[in-house]
């Protein structure tokens, strides 16, 4: 009896109140985030197959990791993901920068354009995948149709059948969908940019290109790093667009990390191995985030020094 | 030899004309200050000289070269901005050397000139810092350093001291003056602070509403203001302006001021006014002093009694507030003694130093000074 009242008193004391109030949320987070995370980590040390639940209890240590480290297909998908990410992010940066610079120049209709620019981001990535699958279809696709009508080619270009072209088509879809993240953040940077240093640069002898190269671009880079952090996480886990457009094919030529992981986990039912792959790919994302974040912190040292 | 010459220079924004056909000749190695209230077009004029604003009409020459269409980089000028405009991502050293780097000077020469400028401005310890890590005064120094490194034909200063606190402002003012003595380039300097203008300038250009009201040496514009605007703008506290009417009294022209006060027309203005003319009498507080507390040797004097309502002691002098008719006037008391409550004092007005303006046009009845010294 006295123990119970003691607990009761402690629970309702003033210091404890915030924690008591947060308790349901904390419990929910433990259940939906931490527990699955630990569980998946555990399964990566087992030969767990969804079809054979008893395999969950067989501990095999690092065997899954050993396997994937010696698995050529995994490293190809890994390398392809890094390459895909590098190409997509750089192109998105360049296009986003171009769009931001153009929109920054216009005075009339700027708000409307800014909104229109965001449209691609409002669509579900799956639908974007279907849309581009149709556009790049070699028989009935818009792209081939247009090229043939314009007389540029009389061939049916196998956009989604040829490995390299298919990768390009997927990159095109990604870039179409998400360039506006760069554009909007870089535009915010341009709006925030003080005008005086630009004029000082003109007086100091810069032509338009030099002003852009030495003053505007360094000022915008922190904004670009934010966009790059967001997009590197996004692209590193690219799945929906790839899966709808090519399904990782032809013959695994567009297989990225997460399509491979999904295939391993669900099609081959090797959940343990898939989870081991997932943990390796998370390390990749952490590495990218860390890289851009370091850049951002370095840039923050001089932000605000313009006034 | 670098003169700057503005001929009939106009600036329009659409229909709105903000600078109206101004003419200005700036001599080689002259320190010219453009001064005026905000919105008078002084910064616009400076930016037109810099090439940061296009001119709508007229001609601007730097040296012998018409620069109307030239971009800033081809004018061989440097500019110090109000907000310093340092490059935020570059260290002090890089900021100073940036212009030279763009002009593709060899690195050894850049280093030498940067070190020289740093020496002049005392930036030695700060060379590797970023602008964000500097105080306002230090940033201002870097901005000036960046300007002198390039050894331009003309320096342009756009209110460079207005973001600094009062003490630092006085200090930097002296440094700018020293800098000019040392480098001897032509300087065009914009400010709204008449004290800055008076202390720095070889010649002051006073602007209002896109017109030049007067050009002259600091003492010239102080001693012979062309009109009531210049009279009130230059000098602190501002010149008292009393309205009155010219009358004939005992065969001599007098001015009948409000408040039953009549003073003779100063000798030098006697041939420039007519009986019946409405005039404004300008009297600087320095020339309206209580008996025994003024400057000696001030020539002809008129004396009258005024009651002092407020006194502002400044140490070496006190500013006294009173009224003549409906006009509030300020006088100056040298070697001040405390004034308690309202006190009636006899004031001396030194007649030879009063200014007379036509009430209708606001122009000095003696005509305009010619703009040279």
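The values are calculated or read from the model by the stated rules, or taken from the named source; none is laboratory data. Everything numeric here is computed off the predicted structure, so don't read it as measured data. Methodologically, a virtual Cβ is constructed for each residue, glycine included, from the backbone with ideal geometry; neighbour enumeration extends over all protein chains shown.
Tell me whether the range B:266-289 contains one or more residues that are in contact with a helix residue (DSSP H, G or I) (Cβ under 7 Å, 6 or more places away or on another chain), in contact (Cβ under 8 Å) with a residue 60 or more places away in the chain and over 17 Å from residue B:362 (Cα atoms).
Checked against the condition, which is being in contact with a helix residue (DSSP H, G or I) (Cβ under 7 Å, 6 or more places away or on another chain), in contact (Cβ under 8 Å) with a residue 60 or more places away in the chain and over 17 Å from residue B:362 (Cα atoms), the range B:266-289 yields at least one hit.
Quick check on this structure: which one of B:83, B:111, B:95 is assigned to a helix (DSSP H, G or I) and either within 8 Å of chain A (Cβ to nearest Cβ) or under 18 Å from residue B:156 (Cβ atoms) (or both)?
Every option except B:95 fails the conditions.
Could you list all residues from the range A:265-282 that are surrounded by fewer than 17 Cβ atoms within 10 Å (Cβ to Cβ) and closer than 17 Å to residue A:234 by Cβ?
A:282
Yes/no matrix, rows are residues, columns are (1) within 26 Å of residue B:229 (Cα to Cα); (2) surrounded by 12 or more Cβ atoms within 10 Å (Cβ to Cβ); (3) at pLDDT below 90:
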{"site": "B:248", "(1), (2), (3)": "no, no, yes"}
{"site": "B:258", "(1), (2), (3)": "yes, yes, yes"}
{"site": "B:264", "(1), (2), (3)": "yes, yes, yes"}
{"site": "B:272", "(1), (2), (3)": "yes, yes, yes"}
{"site": "B:280", "(1), (2), (3)": "yes, yes, no"}
{"site": "B:285", "(1), (2), (3)": "yes, yes, no"}
{"site": "B:303", "(1), (2), (3)": "no, no, yes"}
{"site": "B:313", "(1), (2), (3)": "no, yes, no"}
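Within the group A:157, A:170, A:226, which residue is free of Cβ contacts under 8 Å to residues at least 60 places away in the same chain and in contact with a helix residue (DSSP H, G or I) (Cβ under 7 Å, 6 or more places away or on another chain)?
Answer to the check: A:157.
For the range B:143-168, which positions are farther than 16 Å from residue A:205 by Cα and either within 11 Å of chain A (Cβ to nearest Cβ) or surrounded by fewer than 19 Cβ atoms within 10 Å (Cβ to Cβ) (or both)?
If the condition is that a residue be farther than 16 Å from residue A:205 by Cα and either within 11 Å of chain A (Cβ to nearest Cβ) or surrounded by fewer than 19 Cβ atoms within 10 Å (Cβ to Cβ) (or both), then B:158, B:162, B:163, B:164, B:165, B:166, B:167, B:168 are the ones that fit.
Given the conditions (1) surrounded by 19 or more Cβ atoms within 10 Å (Cβ to Cβ); (2) in contact with a strand residue (DSSP E or B) (Cβ under 6 Å, 6 or more places away or on another chain); (3) at pLDDT below 90, report the number of the one that residue B:191 does not fulfil.
Failing condition for residue B:191: (3).
How many residues does the range B:121-133 contain that are over 18 Å from residue B:98 (Cα atoms) and either at the interface with another protein chain (Cβ under 10 Å from one of its Cβ atoms) or within 29 Å of the chain's Cα centre (by Cα) (or both)?
So the answer is 2.
Could you look through the range B:98-108, keep only residues that are at the interface with chain A (Cβ under 7 Å from one of its Cβ atoms) and assigned to a helix (DSSP H, G or I), and pick out the one that is surrounded by the most Cβ atoms within 10 Å (Cβ to Cβ)?
Among residues in the range B:98-108 that are at the interface with chain A (Cβ under 7 Å from one of its Cβ atoms) and assigned to a helix (DSSP H, G or I), the one surrounded by the most Cβ atoms within 10 Å (Cβ to Cβ) is B:98.
Among the candidates B:244, B:331, B:259, single out the residue that is outside the structural domain of residue B:222 (by TED's automatic domain parsing) and either at positive phi or part of a loop (DSSP other than H, G, I, E, B) (or both).
Result of the check over B:244, B:331, B:259: B:259.
Test each condition in (1) away from chain B (no Cβ under 14 Å); (2) in a helix (DSSP H, G or I); (3) crowded, with 19+ Cβ neighbours inside 10 Å for residue A:255 and report the one that comes out false.
All conditions are met except number (2).
Quick check on residue B:299: is it surrounded by fewer than 20 Cβ atoms within 10 Å (Cβ to Cβ), part of a loop (DSSP other than H, G, I, E, B) and either in contact with a helix residue (DSSP H, G or I) (Cβ under 7 Å, 6 or more places away or on another chain) or not assigned by TED's automatic domain parsing to the domain that holds residue B:344 (or both)?
Taking the combined requirement at face value, the residue satisfies it.
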